[in-house]
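Colleague: Next up is a structure, given as structure tokens.
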Amino acid sequence: MKSVGTYPSTRLRRNRKRDWTRRLVQENTLSPSDLIWPIFIRDGKNIKEPIKTMPGIYRYSLDKIEKLVEKAIEQKIPMIALFPNTPFYKKDNRGSEALNRNNLICKALRLIKKNYNEIGIMCDVALDPYTKHGHDGIINKSYVDNDATIKILVKQSLLQAEMGCDVIAPSDMMDGRIGEIRKALDKKDFKLVQILSYAVKYASNFYGPFRDAVGSNKLLKSNKKNYQMDYKNSKEALREVALDIKEGADFVMVKPGMPYLDIIKLIKDSFKIPVFAYQVSGEYSLIRKGIDDKIIDENAIVESLMSFKRAGASAIVTYFADEIAKKLR
Ligand code: PBG
């Protein structure tokens, strides 16, 4: 490396001596444009319901949504992600509620799109918020049936697109679903609806609080290891991404975030496609708890988000989005 000198003529601390010089040499930046804000929605009226395992995060009834969207726009957050807490009585084994034109997601999309066009909305495509067993697809002989599930996911995607969803985000990890969804969208003239593939989604222990938030945690009996990736693997992530690019993905997600920075970097270095990171619920709650209990300083939030930028992420899905956007401006 040519830039390496020797002490004492070279002193790296010189460039760190004051705030202004540290700013001059900073290699990465974080702005509200890097953030995607996940929002949990529920039925009812005038409700802001705390989620026990996610301190500071709430489930909102739909009448509260517009205020949140306005806040996001004001803070220059480019996109929100909607997640539904479906009442148990609406769940079944096939996730039929996912295809109901009046489900929470469809209602929210109509409501938001009627008045706001300057913010992106992304929606998960997967069946877990709607199934009685908490799995992302339908089950056939105790196995999540790939091809039968795709047929439903395609319908779910078309419905969301019709309701005004900007970014379809399949998080189900079925093989081949990106291609099928792209084909169906194009055929129905949704050519400009984007696909954010959760291409690299690990079977992770960090999703627990999210499953509480959408109400699938207690329902889920086994795990998701026969469709989500094994966290012992990294090269397999390259195959997942290569396939999804070929099938028409516009961006790819790596999930969870901080334990998988190596994967973000690997993908960024290997493909020319925007990579997003998902700082998932378990990561959020650990950091939040650490701050609330005075174990770590609150600047740890920005530090955690900057690690994604260093690794090469274009944007970060984070439950801190709203709080941090305010600070960054
Ligand atoms: C479900 C889905 C999950 C998350 C986003 N979409 C959980 C899962 O796969 O069980 C996790 C997000 C988080 O933990 O914040 N398809």
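Colleague: Return a yes/no flag: does the stretch 85-100 have any residue that is open to solvent by 10 Å² or more (accessible area, probe 1.4 Å) and farther than 24 Å from Y207 by Cα.
Modeller: Among the residues of the stretch 85-100, at least one is open to solvent by 10 Å² or more (accessible area, probe 1.4 Å) and farther than 24 Å from Y207 by Cα, which makes the answer yes.
Colleague: Filter the stretch 240-255 down to the residues that are under 13 Å from M173 (Cα atoms) and either touching a helix residue (DSSP H, G or I) at 6+ places or on another chain (Cβ under 8 Å) or more than 16 Å from the ligand (Cβ to nearest atom) (or both) and list them by number. If you could, list the steps in order and put the result at the bottom.
Modeller: Kept after step one, since they are under 13 Å from M173 (Cα atoms), are these residues of the stretch 240-255: 240-241, 243-244, 252-255.
Selection gives V241, L243, D244, V252, V254.
Colleague: Consider only pairs whose beta carbons are under 6 Å apart and that are at least six residues apart or on different chains; among these, list those whose first residue lies in the stretch 120-136 and is near the ligand (Cβ under 9 Å from one of its atoms) and whose second residue is among the polar types (S, T, N, Q).
Modeller: Taking only residues 6 or more apart or on different chains, the pairs are D124/S171; V125/Q156; V125/S157; A126/S171; D128/S216; P129/T86; G134/S216.
Colleague: Can you tell me which residues in the stretch 99-119 are out of contact with any Leu (no Cβ under 8 Å at 6 or more places or on another chain) and closer than 17 Å to L159 by Cα? It would help to see each step written out before you state the result.
Modeller: Just the residues of the stretch 99-119 that are out of contact with any Leu (no Cβ under 8 Å at 6 or more places or on another chain), to begin with: 100, 102-103, 110, 112-119.
If the condition is that a residue be out of contact with any Leu (no Cβ under 8 Å at 6 or more places or on another chain) and closer than 17 Å to L159 by Cα, then N100, N102, N103, R110, I112, K113, K114 are the ones that fit.
Colleague: Looking at K107, is it more than 16 Å from the ligand (Cβ to nearest atom) and in contact (Cβ under 8 Å) with a residue 40 or more places away in the chain?
Modeller: Details: more than 16 Å from the ligand (Cβ to nearest atom): yes; in contact (Cβ under 8 Å) with a residue 40 or more places away in the chain: yes.
Here the answer is yes, as K107 does meet what is asked.
Colleague: Which residue is farthest from the ligand (Cβ to nearest atom), if the candidates are limited to the stretch 256-285 and must be small (G, A, S) and crowded, with 17+ Cβ neighbours inside 10 Å? Before you say what the answer is, go through the steps one by one.
Modeller: Looking only at the stretch 256-285, we keep the residues that are small (G, A, S), and these are 257, 270, 277, 281-282, 285.
Subsequent filtering for residues that are crowded, with 17+ Cβ neighbours inside 10 Å retains 257, 277, 281-282, 285.
Details: G257: 9, A277: 12, S281: 3, G282: 6, S285: 9 Å.
Across the stretch 256-285, the extreme among qualifying residues is A277.
Colleague: Only one of (1) of a type outside the set (S, T, Y); (2) away from the ligand (no atom under 12 Å from the Cβ); (3) at negative phi is not met by F210, so which one is it?
Modeller: Among (1) of a type outside the set (S, T, Y); (2) away from the ligand (no atom under 12 Å from the Cβ); (3) at negative phi, the lone unmet condition for F210 is (2).
Colleague: Now for a different question. If I112 meets every condition in (1) out of contact with any strand residue (DSSP E or B) (no Cβ under 8 Å at 6 or more places or on another chain); (2) away from the ligand (no atom under 16 Å from the Cβ); (3) among the aliphatic types (A, V, I, L, M) apart from one, which number is that one?
Modeller: Status for I112: all satisfied but (1).
Colleague: Residues in the stretch 198-252 that are open to solvent by 10 Å² or more (accessible area, probe 1.4 Å), among the small types (G, A, S) and without any contact (Cβ under 8 Å) to a residue 60 or more places away in the chain: how many?
Modeller: Selection size over the stretch 198-252: 4.
Colleague: Could you count how many residues in the stretch 183-199 are farther than 17 Å from N146 by Cα and either of a type in the set (K, R) or within 13 Å of the ligand (Cβ to nearest atom) (or both)?
Modeller: Number of matching residues: 5.
Colleague: Confirm whether S222 is more than 10 Å from the ligand (Cβ to nearest atom), assigned to a loop (DSSP other than H, G, I, E, B) and either closer than 23 Å to L82 by Cβ or of a type in the set (S, T, N, Q) (or both). Give the steps one after another, and end with the answer.
Modeller: On the way: more than 10 Å from the ligand (Cβ to nearest atom): yes; assigned to a loop (DSSP other than H, G, I, E, B): yes; either closer than 23 Å to L82 by Cβ or of a type in the set (S, T, N, Q) (or both): yes.
In short, yes.
Colleague: Pairs under 9 Å by beta carbon, first residue more than 18 Å from L192 (Cα to Cα) in the stretch 139-165, partner among the small types (G, A, S) and in a helix (DSSP H, G or I), six or more apart or different chains?
Modeller: The qualifying pairs are N140/A148; I152/S96; I152/A98; L153/A98.
Colleague: Just the residues that are in contact with a strand residue (DSSP E or B) (Cβ under 8 Å, 6 or more places away or on another chain), outside any strand (DSSP E or B) and open to solvent by 50 Å² or more (accessible area, probe 1.4 Å), please, taken from the stretch 35-64.
Modeller: Taking the stretch 35-64 first, the residues in contact with a strand residue (DSSP E or B) (Cβ under 8 Å, 6 or more places away or on another chain) are 35-51, 57-62, 64.
Cutting the leftovers down to outside any strand (DSSP E or B) gives us 43-47, 51, 57, 62, 64.
Matches in the stretch 35-64: D43, K45, N46, K64.
Colleague: Restricting to the stretch 117-152, and then to whatever is over 22 Å from P38 (Cα atoms) and of a type in the set (A, V, I, L, M), can you tell me which residue is surrounded by the fewest Cβ atoms within 10 Å (Cβ to Cβ)?
Modeller: Taking the candidates together, the pick is A148.
Colleague: Mind counting the residues in the stretch 288-311 that are open to solvent by 20 Å² or more (accessible area, probe 1.4 Å) and either closer than 28 Å to L196 by Cα or in contact (Cβ under 8 Å) with a residue 24 or more places away in the chain (or both)?
Modeller: Step one: of the stretch 288-311, the residues open to solvent by 20 Å² or more (accessible area, probe 1.4 Å) are 288-289, 291-300, 302-303, 306, 309-310.
Still in the running and either closer than 28 Å to L196 by Cα or in contact (Cβ under 8 Å) with a residue 24 or more places away in the chain (or both): 288-289, 292, 300, 302-303, 306, 309-310.
Total satisfying the criteria: 9.
The values are calculated or read from the model by the stated rules, or taken from the named source; none is laboratory data. Everything numeric in this text was worked out from a predicted model, so none of it was measured. Heads up, the Cβs are rebuilt from the backbone with ideal geometry, glycines too, and the neighbour counts pull from every protein chain shown. Heavy atoms of the whole protein, side chains included, go into the accessibility calculation; ligands, DNA and RNA do not. Shrake-Rupley method; radii C 1.70, N 1.55, O 1.52, S 1.80 Å.
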